[in-house]
Amino acid sequence: PPQPPAAPATHPGNAPSPGGTPSPDALLIRRTLAEIEPIADKVTSYFYALLFVRRPELRALFPAAMDTQRDRLFKALLTAARHADDTAILTTYLSQLGRGHRKYGTAPTHYPAVGECLIDALARHASRTWNDAAQAAWVRVYTAISQIMIDAAAEDERSSPPWWQAEIVGHEPRTSDVAIVTVRPDQPYPFLAGQYASVETPWWPRVWRHYSFSCAPREDGLLSFHIKAVPAGWVSGALVHRARPGDVIRLGPPAGSMTVDHGSDNGLLCLGGGTGIAPIKALVEDVARHGRSRPVEVFYGARHDDDLYDIDTMLRLQKSHRWLSVRPVISDGPTLGLSGQLPQVVRKYGPWNAYDAYLSGPPGMVRSGVDTLVGIGVPAHRIRHDSLDELMASAAG
């Protein structure tokens, strides 16, 4: 939906000084955010109230329940503060956001109204830090933000639809709360192994959730997802328990940078927890498809042996490819495999400093996994995972 996007872009002429000192605009924005952080719910509620009173026609672009929306909005604003001066990261992130917003029906004419409501909501609630300079900074960065997103959407419109219709052609329950869902898009869907898509079901209009592809691109054009129904998860529950072959869902554009660098000979160290094994499986298929033997070490974590719902598939892949090693890791209960928390078990192997690391799974596992790998010498720039904000949003449903 048209919402204040994630992060302010650096204003020309307001770049950070050498040595990494924050720009004046970045400092002003961070002060505002620090003041409103304790009252985030109140600020975002006021923002949406303003927007829907001033532009009631925009209400139809948003889901009926707004709680998750509010969480994402404020996390996006915190991201803005963290990356205010990093033009390269902002352009990449905001361009992806602009392309993704096409599926909501967002148009360039919506951005000014959103910006005005954002400024007014901040001015009302950040009374200690708000002044003419702060307002000017927010206007500058919001103008830059919106232009990046509008330009990316316009560029994307030349070659891609705002969403794809996809018919469910396979629905395979693996456990009481996990199903593998295979779909056929209505037109070619370009993506890379390791990426994810936003998914909307017919049962919950305008509610989108992110799911990783569990396959590399296939000649038949089919796509597969591993879906775990989470408590109170509207979309995941519908896909696991209600969806059947013949149902049609919608897919947003592919996103995510957890992809294989095929210009490198580095090995791949892959940590997949729960349904996080899905993109790891896709990465293995991608390496196999490129035909280069490079070591791929997969650690597949779950709480109990019974939760390793795709272990047979992974072991078949291991049997087919001598460069692939698959190790199941169980955190709770008895097992014939490795026992313990996934990141801690990985520490016992290696060394891993010559590998590119890929992590996929629950947010807590990804966080501890990143900390563990950095702690044992894996350079941070060679550790790849989906953003934790996206993970938190997916975990909600």
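Miscellaneous remarks
- Charge dipole (the chain, unit charges on Cβ, about Cα centre) - positive-most of 104, 182, 278: 278
- Per residue accessible area in Å² of the chain, where ligands, DNA and RNA are left out and the probe is 1.4 Å: 44
- Averaging the sequence gap over all C-alpha pairs within less than 8 Å and six or more residues apart, then dividing by the number of residues, gives the chain a relative contact order of 14 percent.
- Here the range 213-299 is treated with +1 on each Lys and Arg Cβ and -1 on each Asp and Glu Cβ, and its dipole about the Cα centre works out to around 320 debye.
- For the chain, the dipole from Cβ point charges (+1 on Lys and Arg, -1 on Asp and Glu) about the Cα centre works out to 180 debye, to the nearest 20.
- 3J(HN,Hα) couplings calculated from phi for the range 338-347 with the Karplus curve 6.51 cos²θ - 1.76 cosθ + 1.60 (θ = phi - 60°) are, in sequence order, 7, 10, x, 6, 3, x, 5, 5, 4, 4 Hz; Gly and Pro show x.
- 0 to 90° range, to nearest 10: angle between helix 277-290 axis and the chain longest Cα axis: 70
- Local electrostatic count at residue 259 - Lys and Arg +1, Asp and Glu -1, tallied over other residues with Cβ under 12 Å: -3
- Projecting the Cα atoms of 269, 133, 308 onto the charge dipole of the chain, computed from C-beta unit charges around the Cα centre, puts 308 farthest toward the positive end.
- Nearest 10 degrees, 0 to 90: helix 363-375 Cα axis against the chain principal axis: 80
- Extended-chain gain in nm, criterion 0.36 nm per residue less alpha-carbon gap, residue 175 and residue 127: 12.1 nm
- Shape class of the range 223-363 from the Cα gyration tensor (axes a ≥ b ≥ c, square roots of the eigenvalues): oblate, since a/c reaches 1.5 or more and a/b does not exceed b/c.
- The value of relative contact order for the range 244-376, using C-alpha pairs under 8 Å at least six residues apart, is 28 percent.
- Whole-percent carbon and sulfur share, accessible surface of the chain, 1.4 Å: 53
- Seen through its C-alpha gyration tensor, with square-root eigenvalues sorted a ≥ b ≥ c, the range 127-255 comes out prolate because a/c lies at 1.5 or above while a/b is bigger than b/c.
- When you filter the trypsin sites (Lys or Arg not before Pro) in the range 292-342 for DSSP loop state and at most 13 other Cβ atoms inside 10 Å of their Cβ, you are left with 292, 303, 322.
- Rounded to the nearest 20 debye, the dipole magnitude of the range 218-263 is 300 debye, with +1 charges on Lys and Arg beta carbons, -1 on Asp and Glu beta carbons, and the Cα centre as origin.
- Relative contact order of the range 272-342: 32 percent, from C-alpha pairs under 8 Å at least 6 residues apart in sequence.
- Calculated FRET efficiency for the pair residue 257/residue 109, C-beta based, R₀ 30 Å, to 0.05: 0.50
- For the chain, the longest principal axis of the alpha carbon atoms and the long axis of helix 132-157 meet at an angle near 50°.
- Simple label model, 7 Å out from Cα along Cβ direction - residue 184 to residue 39, nm: 5.6
- Selected from 335, 290, 321, residue furthest toward positive end of dipole (the range 287-341; charges at beta carbon): 290
- Listed values [x] 78; [y] 50; [z] 61, entry calculated as percent of Cα pairs over 28 Å apart: [y]
- Accessible-area ranking of 381, 241, 226, largest first, probe 1.4 Å: 381, 241, 226
The values are calculated or read from the model by the stated rules, or taken from the named source; none is laboratory data. These numbers come from a predicted model, not from an experiment. Ideal geometry is used to build each Cβ from the backbone, glycine not excepted, and the neighbour counts take in all protein chains shown. Heavy atoms of the whole protein, side chains included, go into the accessibility calculation; ligands, DNA and RNA do not. Shrake-Rupley method; radii C 1.70, N 1.55, O 1.52, S 1.80 Å.
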